[in-house]
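Enquirer: Can you keep this structure in mind? I'll have questions shortly.
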Amino acid sequence: MAKIVALANQKGGVGKTTTTINLGASLAELGRRVLVVDADPQGNASSGLGVGGAAAAAGHPTLYQCLLAGADPRAAILPVADLDRLAVLPSSIDLVGAEVELVQAPRRERFLATTLEPLLADYDFILIDCPPSLGLLTINALTAAHSVLIPLQCEYFALEGLGQLVRTIRLVKNSYNSRLHIEGLLLTMYDRRNRLTFQVAKEVKTHFKDQVYRAVIPRNVRLSESPSHGKPAILYARSSPGAQSYLALGKELLNPQNRRQGAAP
Ligand code: ATP
Ligand code: MG
């Protein structure tokens, strides 16, 4: 049965989508069957994995139709080129409407959990890329998930809003999903030449201790280039520090005993 991990942080541009794509690719490379669920109307995870065009084709169902129009999620799922075990449940801009339509619906927080239920036996991991808000799409992701992975950009305001995110996770856990827990916090866009980065990483580790992954994602131009080629970094620039750091994260996720509060990176 699949383990469902939501990648969430209401702060924009912290690396949620980059992490979803590249952690998904790494886990597939490590032999796991992985489904990426694009729960962001921006559709960046879909386009970054090269399925944006197919998802936008007339008549192809996307996550919106699965959530609100009874479409079969299996019919919406698209394969990722050159990575056998990775697939995407894509989204497109019409998903914006879901936030509004769900407000009126009974048990509005459970639509994504219900959509994913028939897929659980087909995958080892389901990674949900959340939008940068704590709206109903993110609440649906947290309600469907076993755990939350929180990417944090190593910059001055990294911890801002984190309290609100942790409170939201607790609220969903208490109200809708008692199994929910924090999978881990991931430091992204780490720049070893920047002293501020170092301080932020230290502060995050002081607060969250061994919940912080040992793997740290460096700022790496290959990670920002690869989505425009519709590929995860592991296919675009395999030996790049970015691709390799996501591979290390994949291994750590599969082997949590590897995690320890290591020295500052
Ligand atoms: P949003 O909140 O809009 O969904 P996000 O949290 O999903 O954003 P990303 O889209 O993954 O964030 O990253 C934001 C930008 O930073 C993108 O242009 C991405 O290519 C770039 N980026 C992410 N991680 C890295 C990295 N480690 N090195 C260099 N660029 C990065
Ligand atoms: Mg994103």
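Nothing in this text is a laboratory measurement; each read-out follows from the coordinates by a stated rule. Keep in mind the model is a prediction, meaning the values are calculated, not measured. Don't worry about glycine lacking a Cβ; one is built from the backbone with ideal geometry, like all the others, and counts go over all protein chains shown.
Enquirer: Exactly one of (1) farther than 29 Å from Ala2 by Cα; (2) under 15 Å from the mean Cα position of the chain (by Cα) is unmet by Leu187. Its number?
Expert: Failed condition: (1).
Enquirer: Just checking, how many residues over the stretch 185-210 are of a type outside the set (Ser, Thr, Tyr) and assigned to a helix (DSSP H, G or I)?
Expert: Total meeting the criteria: 14.
Enquirer: Please tell me if Leu223 is within 16 Å of ligand 2 (Cβ to nearest atom) and assigned to a helix (DSSP H, G or I).
Expert: yes
Enquirer: Continuing with this model, one more query. Just the residues that are away from ligand 1 (no atom under 16 Å from the Cβ) and not hydroxyl-bearing (Ser, Thr, Tyr), please, taken from the stretch 113-135.
Expert: Passing the criteria: Ala113, Leu116, Glu117, Pro118, Leu119, Leu120, Ala121, Asp122, Asp124, Phe125, Ile126.
Enquirer: Is the stretch 8-18 home to any residue that is within 11 Å of ligand 2 (Cβ to nearest atom), hydroxyl-bearing (Ser, Thr, Tyr) and under 23 Å from Ala248 (Cβ atoms)?
Expert: Within the stretch 8-18, one or more residues are within 11 Å of ligand 2 (Cβ to nearest atom), hydroxyl-bearing (Ser, Thr, Tyr) and under 23 Å from Ala248 (Cβ atoms).
Enquirer: For Val37, indicate whether it is in contact with a strand residue (DSSP E or B) (Cβ under 7 Å, 6 or more places away or on another chain), on the phi < 0 side of the Ramachandran plot, near ligand 2 (Cβ under 9 Å from one of its atoms) and hydrophobic (A, V, I, L, M, F, W, C).
Expert: Criteria not met by Val37.
Enquirer: Related question: Does Ile182 satisfy the criteria of being part of a strand (DSSP E or B), surrounded by fewer than 22 Cβ atoms within 10 Å (Cβ to Cβ) and at negative phi?
Expert: So Ile182 fits the description; yes.
Enquirer: Check every one of the helices (runs of 4 or more DSSP H) wholly within the stretch 1-112 and list those with 2 or more residues that are within 15 Å of ligand 1 (Cβ to nearest atom) and crowded, with 24+ Cβ neighbours inside 10 Å.
Expert: Because the criterion is at least 2 residues that are within 15 Å of ligand 1 (Cβ to nearest atom) and crowded, with 24+ Cβ neighbours inside 10 Å, the helices (runs of 4 or more DSSP H) in the stretch 1-112 that meet it are 16-29, 44-48.
Enquirer: Now for a separate question. If only one of Ile217, Ile139 is within 20 Å of Leu254 (Cβ to Cβ) and under 15 Å from the mean Cα position of the chain (by Cα), which one is it?
Expert: Ile217
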